[in-house]
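Read through the structure below, which is laid out as structure tokens, and then see the notes.
The values are calculated or read from the model by the stated rules, or taken from the named source; none is laboratory data. Computed from a prediction, not measured in an experiment: that's the story for all the values here. When we count neighbours, we look across all protein chains shown, and the Cβ atoms used for this are built from the backbone with ideal geometry, even at glycine. Accessible surface is based on the protein model in full, side chains and every heavy atom, while ligands, DNA and RNA are left aside. Shrake-Rupley method; radii C 1.70, N 1.55, O 1.52, S 1.80 Å.
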Amino acid sequence: MASSSMSSRNSGSSWTAKQNKAFEKALALCDKDTPDRWYNVARAVGNKTPEEVKRHYDLLVEDVKHIESGQVPFPDYRTSGGSGNIGHDEEKR
């Protein structure tokens with residue numbers, strides 16, 4: 001069985017890329033002072049409750065705090081070992 005932190009993080013249904021994009025757009029339109037903010041965001045996303053979108057937002061804020069505090073290391077794309085070099089296409093131009 002999953003740990004309590006894992007199950008709380010995955011509570012509710014999963015989010016599709018389309019729902020995440022709708023969530024981001026709705027957040028841009030519905031700031032913290034918008035009446036019925038989470039209801040409006042849920043309507044924009046579709047198939048989610050206001051409680052689910054609020055939880056999704058809280059997890060996003062938590063992730064950003066971890067990133068900004070340095071708890072999440074930046075990826076080192078240069079050592080990926082693959083032939084794809086991020087700057088490689090730029091050099092050809």
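Please list 42-54, 63-75 highest first by mean number of surrounding beta-carbon atoms within 10 Å per residue.
Sorting 42-54, 63-75 by mean packing, highest first, produces 42-54, 63-75.
Got a sec? What order do Y39, Y77 fall in by accessible area at 1.4 Å, biggest, i.e. largest, first?
Of Y39, Y77, the descending order of accessible area is Y77, Y39.
In whole Hz, with x marking every Gly and Pro, tabulate ³J(HN,Hα) for the range 18-27 from phi via Karplus 6.51 cos²θ - 1.76 cosθ + 1.60, θ = phi - 60°.
Using θ = phi - 60°, the values come out as 5, 5, 4, 5, 5, 4, 4, 5, 5, 5 Hz.
Collect residues whose amide H, placed 1.01 Å from N in the peptide plane, falls under 5 Å from the amide H of K48; neighbours closer than 5 in sequence don't count.
Amide H neighbours of K48: none.
Let me spell out the model: positive unit charges on the Cβ of Lys and Arg, negative unit charges on the Cβ of Asp and Glu, origin at the Cα centre of the range 17-66. What dipole size does that give, in debye rounded to 20?
Around 200 debye, computed over the range 17-66.
Would you work out which of V61, P73, A44 lies farthest towards the positive end of the dipole of the range 25-79, given +1 charges on the beta-carbon of Lys and Arg and -1 on that of Asp and Glu, about the Cα centre?
A44
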